[in-house]
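In what follows, a single structure is set out as structure tokens and then discussed.
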Amino acid sequence: MPDVFTIRRAQLQEIADLRYAILRAGLPRNAADFPGDDDQATRHYAAWSTSDPSVLLACLSFMPSVWKTADNGSEAAWQLRGMAVAEQSQRTGVGRALVQFAQADLFETSPIKRHWCNARKHAAGFYEKLGWRIVSDEFDIPTAGPHYIMSYTNQV
């Protein structure tokens, strides 16, 4: 279990294998490819072991998106997708640190203050501890199981 890690922006090819192994194992390899992955504005982030920089511990992506507001309008948003933590690194704090790093980077470099995701039901508590809130009823994604839509807004 690594206790020290390095977090930085990443390239898609650096994180694709971990995303597949954790989120889409057993499905065709391209099931871990998301629309928007290659867009120039998409930001991929990852955490690597400091003691062995070849070991990828966690990854996630934020993609430009739109958030539907309560008054049937919309606002610019970032959608978190493909959050994956290697099995041996789960419950070590690396996932929390990665989300916090990525959000801080986005809030510092982008005027967009809304983040959202389709969170797996079993991961909702993880996001809630980071200040995200559930904003939908439970729904099912056939290849991934029960989910909630969750949202985070920077209150600066």
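The values are calculated or read from the model by the stated rules, or taken from the named source; none is laboratory data. Just so it is clear, the model here is predicted, and its values are computed rather than measured. Note: ideal-geometry Cβ built from the backbone for every residue, glycine included; neighbour counts use all protein chains shown. Areas reflect the complete protein model, heavy atoms only, side chains present, ligands, DNA and RNA absent. Shrake-Rupley method; radii C 1.70, N 1.55, O 1.52, S 1.80 Å.
General observations
- From the list Val85, Val55, Val66, the lone residue that is without any contact (Cβ under 8 Å) to a residue 40 or more places away in the chain and of a type in the set (Val, Ile, Thr) is Val66.
- Residue that is most open to solvent (accessible area, probe 1.4 Å) [pool: residues in segment 88-120 that are within 21 Å of Ala144 (Cα to Cα) and either free of Cβ contacts under 8 Å to residues at least 24 places away in the same chain or touching a Ser or Thr at 6+ places or on another chain (Cβ under 6 Å) (or both)]: Arg91
- The residue that is nearest to Gln100 (Cα to Cα), counting only those in segment 16-47 that are in contact with a Leu (Cβ under 7 Å, 6 or more places away or on another chain) and assigned to a helix (DSSP H, G or I), is Leu18.
- Checked against the criteria, Arg133 counts as at pLDDT 95 or above and either open to solvent by 50 Å² or more (accessible area, probe 1.4 Å) or closer than 15 Å to Leu23 by Cα (or both).
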